[in-house]
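Enquirer: Once you've had a glance at the structure underneath, I'll fire off some questions.
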Amino acid sequence: MANDKKFIETVFEKFESLDEFNRECIGHYDADRDGKLNFKECSKLMEDVFQSKTYTLTPYYMEQIFNLLDEDKDGLICQEDFRRCVYYWLKQTMKPVSAFIIVDVQNDFITGSMSLLKCPAGQDGEEVIPVINNLLDTVPFDLIVYTKDWHPEDHISFVENVTQRPLTRNCKVKAEDAKVYDVVEFDGPPRTEQKLWPKHCVTNTWGSELHPDLKIAKNAQFVNKGHHSEVDSYSAFWDNNKLSQTELVKILAKHKVTDVFVCGVAYDICVGYTAFHSLEHGFRTILVEDACRGVDVKAIEETKQKLLDSGAIIVKSSQVNAIVTGEDRPTPLGLQTAKNVALARELVNRGIVK
Ligand code: VGL
Ligand code: ZN
């Protein structure tokens, strides 16, 4: 209801200057009138910000966030803390900029040579398509990115190519016995551990095309990965040895993205790695679980747990719209933002960035 609108929403919608915003916020939440916000007063502000139906604001989150925003660690948020941290934290928390990254929804993973149906988990990759199409139709993402696994014929990950490169002496699997899903170690240089896959997503073939039923959004961006013969690239950010980067970070930075929503195939491989690297780059990272299918049930569970432990959240597609519009503000993302703000402040203080 409109008259239920919290003070923080109203002041955020219309403030003339940062100084005025800070004055008004402190003025409103500063119950003891000392010109600063103590933990209790700041908790009221946080309660107004995090009106989430799905995430509760526990003391753990409140304390973590408060400590990160309190720059001089005196237990009080002063004008200076507000100016240097709280505003930026509020801005990202209340008005996120969202990118939707659709990972590798390509023919080979759905009905082709690496069809997930034939993988140990026996999942049907095609099921992600209506879920993704519905999100594309209904959610106002600021940016949409499609990634493609994009390999040359002689790619290191193909089981068919295992005899093309010498294996290390210690490698337990011999080239002539090697089969799909075995992990081998190539001599290199550089020495490279590689899981073997059936030949898939060869550049400019049917198998590497996006599935024909997947909607292509207007103004979408496309990122290919895995085009170097000698190194695999599960993540859409980096190759597996972190030697080269794709254009993805530049694209996200250009659009001032704060939040990265990830979906597609395979959950435990390319979706998972992309989500981890998104966290590493400081993006608030949200995995849309019903829009993912994977290779191996145990690996899917491990990926999920590691992502949660690293600060990502895992949501259902029905939750996405409210998060993108800023109506639902998950507390773990608020904590992630506080960490980002504190890190940015430290880099500025140390003169590393201006
Ligand atoms: C993928 C294995 C090998 C993926 C790509 O897209 O998840 N998995 N190459
Ligand atoms: Zn691949």
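Enquirer: Just to be sure before I move on: is Thr163 open to solvent by 60 Å² or more (accessible area, probe 1.4 Å), among the β-branched types (Val, Ile, Thr) and over 31 Å from the mean Cα position of the chain (by Cα) in the structure I sent? Walk me through it before giving the result.
Expert: Details: open to solvent by 60 Å² or more (accessible area, probe 1.4 Å): yes; among the β-branched types (Val, Ile, Thr): yes; over 31 Å from the mean Cα position of the chain (by Cα): yes.
So Thr163 fits the description; yes.
Enquirer: For region 184-204, name all the residues that are within 13 Å of ligand 2 (Cβ to nearest atom) and out of contact with any Ser or Thr (no Cβ under 8 Å at 6 or more places or on another chain). Steps first, please.
Expert: So in region 184-204, the residues within 13 Å of ligand 2 (Cβ to nearest atom) come out as 194-203.
Scanning region 184-204 gives a single hit, Thr203.
Enquirer: Does Thr258 satisfy the condition of being under 22 Å from Arg284 (Cβ atoms), touching a residue at least 24 places away in the same chain (Cβ under 8 Å) and more than 16 Å from ligand 1 (Cβ to nearest atom)? Give the steps one after another, and end with the answer.
Expert: Numbers: under 22 Å from Arg284 (Cβ atoms): yes; touching a residue at least 24 places away in the same chain (Cβ under 8 Å): yes; more than 16 Å from ligand 1 (Cβ to nearest atom): yes.
Taking the combined requirement at face value, the residue satisfies it.
Enquirer: Could I ask something else about it? When you go through Asp74, Asp137, Asp81 one by one, which is the residue that is more than 16 Å from ligand 2 (Cβ to nearest atom), open to solvent by less than 50 Å² (accessible area, probe 1.4 Å) and of a type in the set (D, E, K, R)? Show your work before the answer.
Expert: On the way: Asp74 fails: open to solvent by less than 50 Å² (accessible area, probe 1.4 Å); Asp137 fails: open to solvent by less than 50 Å² (accessible area, probe 1.4 Å).
Matching residue, one of Asp74, Asp137, Asp81: Asp81.
Enquirer: Grab the strands (runs of 3 or more DSSP E) fully contained in region 181-227, keeping just those with 1 or more residues being under 30 Å from Leu143 (Cβ atoms). Give the steps one after another, and end with the answer.
Expert: Values: elements: 183-186, 192-195, 221-225.
Result: 221-225.
Enquirer: Another one. In the list Gly226, Gly311, which residue meets the criterion of being buried (at least 23 other Cβ atoms within 10 Å of the Cβ) and either over 30 Å from Glu153 (Cβ atoms) or within 15 Å of ligand 2 (Cβ to nearest atom) (or both)?
Expert: Values: Gly311 fails: buried (at least 23 other Cβ atoms within 10 Å of the Cβ).
Of the residues listed, the single one that is buried (at least 23 other Cβ atoms within 10 Å of the Cβ) and either over 30 Å from Glu153 (Cβ atoms) or within 15 Å of ligand 2 (Cβ to nearest atom) (or both) is Gly226.
Enquirer: Let me ask something additional. Mind listing whichever residues of region 235-273 are in a strand (DSSP E or B), surrounded by fewer than 24 Cβ atoms within 10 Å (Cβ to Cβ) and hydrophobic (A, V, I, L, M, F, W, C)?
Expert: Residue satisfying the conditions is Trp238 alone.
Enquirer: Can you name every residue in region 264-298 that is of a type in the set (S, T, N, Q) and within 16 Å of ligand 2 (Cβ to nearest atom)? Step through it out loud before you land on a result.
Expert: Kept after step one, since they are of a type in the set (S, T, N, Q), are these residues of region 264-298: 274, 278, 285.
Hit for region 264-298 is Thr274, nothing else.
Enquirer: If Phe276 passes every condition in (1) out of contact with any Lys or Arg (no Cβ under 8 Å at 6 or more places or on another chain); (2) open to solvent by 20 Å² or more (accessible area, probe 1.4 Å) but one, which one does it miss?
Expert: Unmet condition: (1).
Enquirer: Report yes if Leu252 is within 26 Å of Leu307 (Cα to Cα) and in contact with a helix residue (DSSP H, G or I) (Cβ under 9 Å, 6 or more places away or on another chain), otherwise no.
Expert: Working: within 26 Å of Leu307 (Cα to Cα): yes; in contact with a helix residue (DSSP H, G or I) (Cβ under 9 Å, 6 or more places away or on another chain): yes.
Yes.
Enquirer: How many of the residues in region 112-151 are farther than 17 Å from Cys270 by Cβ, charged (D, E, K, R) and assigned to a strand (DSSP E or B)?
Expert: 0
Enquirer: Please work out which one of (1) over 30 Å from the mean Cα position of the chain (by Cα); (2) farther than 19 Å from Ala342 by Cβ is the condition Thr111 fails and give its number.
Expert: Failing condition for Thr111: (1).
Enquirer: Still on this structure, please answer the following. Return the total of residues in region 187-222 being more than 16 Å from ligand 1 (Cβ to nearest atom) and outside the structural domain of Thr138 (by TED's automatic domain parsing).
Expert: 5
Enquirer: Against the condition in contact (Cβ under 8 Å) with a residue 12 or more places away in the chain and either within 16 Å of ligand 1 (Cβ to nearest atom) or hydrophobic (A, V, I, L, M, F, W, C) (or both), how does Pro120 come out, does it pass?
Expert: When the stated conditions are applied, Pro120 passes them.
Enquirer: So, one more: Can you tell me which residues in region 339-354 are of a type outside the set (Lys, Arg) and either free of Cβ contacts under 8 Å to residues at least 40 places away in the same chain or closer than 13 Å to Val86 by Cα (or both)? If you could, list the steps in order and put the result at the bottom.
Expert: Residues of region 339-354 of a type outside the set (Lys, Arg): 340-344, 346-349, 351-353.
Within region 339-354, Asn340, Val341, Ala342, Ala344, Glu346, Leu347, Val348, Asn349, Gly351, Ile352, Val353 qualify.
The values are calculated or read from the model by the stated rules, or taken from the named source; none is laboratory data. Given the structure is predicted, the values throughout are model-derived calculations rather than measurements. Glycine gets a Cβ as well: all are built from the backbone with ideal geometry, and neighbour counts include every protein chain shown. Side chains included, ligands, DNA and RNA excluded: accessible areas come from the protein's heavy atoms. Shrake-Rupley method; radii C 1.70, N 1.55, O 1.52, S 1.80 Å.
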